[in-house]
Amino acid sequence: MGSACLILFALSCLIVGSAARPFYPPPSEVAEGERRPLQTSRPYNIAHRGSNGELPEETAAAYMRAIKEGADFIETDILSSKDGVLICFHDVTLDNTTDVAQHKEFANRNRTYVVQGNNTTGFFTVDFTLKELKSLRVRQRYPFRDQQYNGKFQIITFEEYITIALDATRVVGIYPEIKYPVFINERVKWQNGKKFEDVFVETLKKYGYKGSYLSDEWKKQPAFIQSFAPTSLVYASNLTDLPKIFLIDDITVPTEDTNQSYWEITSDGYFDFIKNYVVGIGPGKDTVVPVVNNYLQPRTDLIARAHAHDLEVIIYRV
């Protein structure tokens, strides 16, 4: 009897104590008309290619799910169609994450091009018009992920992706990458001699994205521009003051545009140079905490050195 009373008393205290604490709604359930600002006092939660563990990557559904789950930013990769429309897609070829191989009408589109110094064979986005790309359906990249949504969603455009962020009931930032700019500029031609980077930035401006990092303008519509190609970031810095992130690949992969090694682009001298154009670096996690034979190794000094040069660090995981 005494034990039962003690348990009841304890539960009563827990309920009263809990009732005294405020309950906050999930980020996706704020009242209509209230557009909650981006939280800048803590590390950002960036949805890499959307909520792609659940839904096929870089689809509208994956981005909307990520927003519902509380992402501060939704991240994407920007490529181009044959007719110069910017799309959200990670690979330069369509083979791994679409049903292109099942479309007999496209069987003769299989090509081999040199991409970042390597011969690559497949169905390239640059050989398909937007209308043709929209006829394809996206699927999960990895077999261990949920396959039930394969074939249900289309490739989306850069503008459709932006609209998803702007339609959110709170401020949600975007994090687009200028993907394979050397290859895209070789294969796609825009009017008046415009480059891939020009069209990319023009699209951002069209939807009101502007302002330096943490400025009032930026906080209203937050955006980072990212790229593995330093010349693209330098070029874009002359077009917009939006913050830029220099992505850093595996230690074995040179930059696609300048052919510089990992060791060159992570040197103190290079950090002094690139910080004039970017607010931070985006290294892969293995360059921060290396893994050898499935064992974590001691952390490198990359983050500390970047911070010493006043560079932000936003780590990505493949």
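The values are calculated or read from the model by the stated rules, or taken from the named source; none is laboratory data. Note that the structure is predicted; figures quoted are calculated from it, not measured. With ideal geometry, Cβ positions are generated from the backbone for all residues, glycine too; neighbour counts draw on all protein chains shown. Ligands, DNA and RNA are stripped out before the accessible areas are found, and what is left, the full protein with its side chains, is counted by its heavy atoms. Shrake-Rupley method; radii C 1.70, N 1.55, O 1.52, S 1.80 Å.
Things worth noting here:
- Comparing Thr252, Gln154, Tyr175 along the charge dipole axis of region 128-283, the residue lying farthest to the positive side is Gln154, per the Cβ-charge model.
- For region 208-227 versus region 108-143, the gap between their alpha-carbon centres in whole angstrom: 31 Å
- Taking the centroid of alpha carbons for each part, region 265-318 and region 33-104 are 24 Å apart.
- Listed candidates [x] 22.4, 87; [y] 19.9, 65; [z] 18.6, 59 - label of the one calculated as Rg and Dmax of the Cα atoms in Å: [x]
- For the chain, modelled as a GNM whose springs connect Cα atoms under 10 angstrom apart, the maximal fluctuation among Gly193, Gly70, Gly208 occurs at Gly193.
- With the largest listed first and rounded to whole Å, the semi-axes of the equivalent ellipsoid of region 46-207 from the Cα gyration tensor are 24, 21, 13.
- Against the chain, whose longest principal axis comes from its Cα atoms, helix 2-19 is set at around 50 degrees.
- With contacts taken as Cα pairs under 8 Å and at least 6 residues apart, region 46-207 reaches a relative contact order of 28 percent.
- The chain: relative contact order as a whole-number percent, Cα under 8 Å and 6+ apart: 14 percent
- Percent of alpha-carbon pairs separated by more than 12 Å within region 209-267: 66 percent
- Extents of region 62-154, largest first, come to 41, 26, 26 Å (Cα atoms, principal axes, whole angstrom).
- When the Cα positions of Val114, Leu302, Ala61 are compared along the charge dipole of the chain, Ala61 comes out farthest toward the positive end, with charges on each C-beta of Lys, Arg, Asp and Glu.
- Selected from Val291, Val126, Val100 as most flexible by GNM, with the chain as the system and alpha-carbon contacts under 10 Å: Val291
- Heavy-atom accessible area per residue - the chain, 1.4 Å, Å²: 52 Å²
- Rounded to the nearest 20, the size of the Cβ-charge dipole of the chain about its Cα centre is 620 debye, with Lys and Arg at +1 and Asp and Glu at -1.
- Apportionment of accessible area to carbon and sulfur, region 46-207, percent (1.4 Å): 47 percent
- Over all pairs of different C-alpha atoms, region 169-318 has a mean inverse distance whose reciprocal, the Kirkwood radius, equals 16.4 Å.
- Highest-MSF residue in the chain out of Tyr277, Tyr161, Tyr149 [GNM, Cα springs under 10 Å]: Tyr149
- Unit charges on C-beta of K, R, D, E only; dipole of region 46-207, Debye: 320 debye
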